[in-house]
Amino acid sequence: MTRALLRFCVLPSALWLLAGCGAPQTAPALTEPASEPPPAASTEINPPSMAIHISDQGEVSEAGTHEAGALIERGERVYQRQCGACHSLDQNRVGPMHRGVIGRAAGTVPGYRYSRALQGLDLVWTDETLDAWLQNPSQMARGTAMGFRLQDAADRAAVIAYLESVSE
Amino acid sequence: MTDRDLIMPSRRAMLGTAGRTLSLAGIAMVAGACTGVASKATADETDSDVQILNAAIALEHEGIAAYQIAATSGLLDPAVVDIGVTFQGHHKGHRDALVSAVQALGGVPAEAESLEHYATALDAASLTNQADVLKLALRLETGAANAYLGLIPALGTDYHQIAARMAGDEAYHAAILANALGEPIPVEPLIFG
């Protein structure tokens, strides 16, 4: 019911987005009047991906393992590019090392000098706590030395999947 | 010399406004609301700013050391060493600007670790040729550009420009290094961040 409704709402807005993104810059030159080709192309691309996105929330589908592999790969790239200036899996650098971080208590990597804020943060790193942390570390631990925020939710999901894969 | 000329104006601008900027008041208030701890005014905010800026200083220390290790590795062509030393100069300029900001806030700037510490942290022993060194430098510079861009929302608005300028420098370095490695030009826009 809600799902169908969601799908109903998301689709048109996705189409609108497509038009909105693609059109202003490229349409005059490439798409010409934008009358016939867009519907065909967008119905092909959109319904499956949007539907999957919505119905898969929180559960693993049949295609789950394949998708998980792709997610971890993306997560590794995100990790290198977004976290790699400060973190490594096996070395304490600007920030603490990350291997095994999922399931570990915050502020407990040996040999790393944490801020008082992180020493006082009483929680275990899980998908959820990491997601909140990456959105805004200062909000979770005021006075933390990590100011960096990862704004893109899909990037956060990917990097968390990657950290999970190296925490097993 | 040139670096200095470029860095100084922004540093002066930073010092002039340091007292009333870099405030993370909004964040601190939200954090206070969440944890039930009353937001305790500027000392906490300043401490937070100092912590974040010190992490950036630590990042610059590591960058400076990385170029030092690279330049003395014997793995690089002399022309590449020259470029590396110039880039290292930029990182020293960044460090100096950040140190000034931390001092202006009444904080103690993060000290550099030993060269051996950085050599271990960066696994310098695994570098066997010039391409290895360039790849490491590219990885660090790309990460640094992204790190500064990701820091911007945590900093007060008066500091956004200096953080963005540093990200610009790192992105410039990354582009030169990627070109030296023969990497293709990214097709998609919004390459960093």
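Applying the criterion of being of a type in the set (A, V, I, L, M) and farther than 17 Å from B:ALA110 by Cα to the residues of the stretch A:94-110, the residue that is farthest from the other protein chains (Cβ to nearest Cβ) is A:ILE102.
Looking at this structure, is B:HIS91 part of a helix (DSSP H, G or I), modelled with pLDDT under 95 and closer than 28 Å to A:GLN151 by Cβ? So B:HIS91 fails the test. Step by step: first the residues of the stretch A:111-146, then only those that are within 18 Å of B:ALA55 (Cα to Cα) and among the small types (Gly, Ala, Ser), then the one that is farthest from the other protein chains (Cβ to nearest Cβ). Which residue is that? The residue in question is A:GLY111.
Condition check ((1) out of contact with any Pro (no Cβ under 7 Å at 6 or more places or on another chain); (2) surrounded by fewer than 20 Cβ atoms within 10 Å (Cβ to Cβ); (3) modelled with pLDDT of 85 or more; (4) closer than 22 Å to A:CYS83 by Cα) across all residues:
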position	(1), (2), (3), (4)
B:MET1	yes, yes, no, no
B:SER10	yes, yes, no, no
B:ASP49	yes, no, yes, yes
B:LEU76	yes, yes, yes, no
B:ALA79	yes, yes, yes, no
B:GLN103	no, yes, yes, no
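All of B:ILE162, B:ILE152 fail the test of being touching a Ser or Thr at 6+ places or on another chain (Cβ under 6 Å) and modelled with pLDDT under 95, apart from B:ILE162. Do we have A:ALA158 as among the aliphatic types (A, V, I, L, M), under 24 Å from B:LYS135 (Cα atoms) and either more than 13 Å from chain B (Cβ to nearest Cβ) or surrounded by 17 or more Cβ atoms within 10 Å (Cβ to Cβ) (or both) here? Against the criterion (among the aliphatic types (A, V, I, L, M), under 24 Å from B:LYS135 (Cα atoms) and either more than 13 Å from chain B (Cβ to nearest Cβ) or surrounded by 17 or more Cβ atoms within 10 Å (Cβ to Cβ) (or both)), A:ALA158 qualifies.
For the stretch B:46-82, the set of residues classified as touching a helix residue (DSSP H, G or I) at 6+ places or on another chain (Cβ under 7 Å) and over 29 Å from B:LEU155 (Cα atoms) consists of B:GLN68, B:ILE69, B:ALA70, B:ALA71, B:SER73, B:LEU75, B:LEU76, B:ASP77, B:VAL80, B:VAL81, listed by residue number. When we screen B:GLY156, B:GLY150 for residues that are under 23 Å from A:MET146 (Cβ atoms), without any contact (Cβ under 8 Å) to a residue 60 or more places away in the chain and not hydrophobic (A, V, I, L, M, F, W, C), the only hit is B:GLY150. Apart from one condition, A:LEU130 fits all of (1) part of a loop (DSSP other than H, G, I, E, B); (2) farther than 27 Å from B:ALA174 by Cα; (3) of a type in the set (A, V, I, L, M); (4) in contact with a Leu (Cβ under 9 Å, 6 or more places away or on another chain); the exception is (1). The residue pairs whose first member lies in the stretch A:81-93 and is more than 7 Å from chain B (Cβ to nearest Cβ) and surrounded by fewer than 20 Cβ atoms within 10 Å (Cβ to Cβ), whose second member is part of a loop (DSSP other than H, G, I, E, B) and of a type in the set (Val, Ile, Thr), and whose beta carbons are closer than 6 Å, counting only pairs six or more residues apart or on different chains, are A:LEU89/A:VAL166. Within the set B:ILE152, B:ILE191, B:ILE162, the sole residue that is β-branched (Val, Ile, Thr), under 27 Å from A:GLN139 (Cβ atoms) and within 12 Å of chain A (Cβ to nearest Cβ) turns out to be B:ILE152.
Each residue in the stretch B:120-134 was checked for being within 11 Å of chain A (Cβ to nearest Cβ) and either in contact (Cβ under 8 Å) with a residue 24 or more places away in the chain or more than 23 Å from the chain's Cα centre (by Cα) (or both), and 2 of them qualify.
The values are calculated or read from the model by the stated rules, or taken from the named source; none is laboratory data. Remember, predicted model here, so these are calculated numbers, not experimental data. A quick note on method: Cβ atoms are made from the backbone with ideal geometry, for glycine too, and the neighbour counts reach across all protein chains shown.
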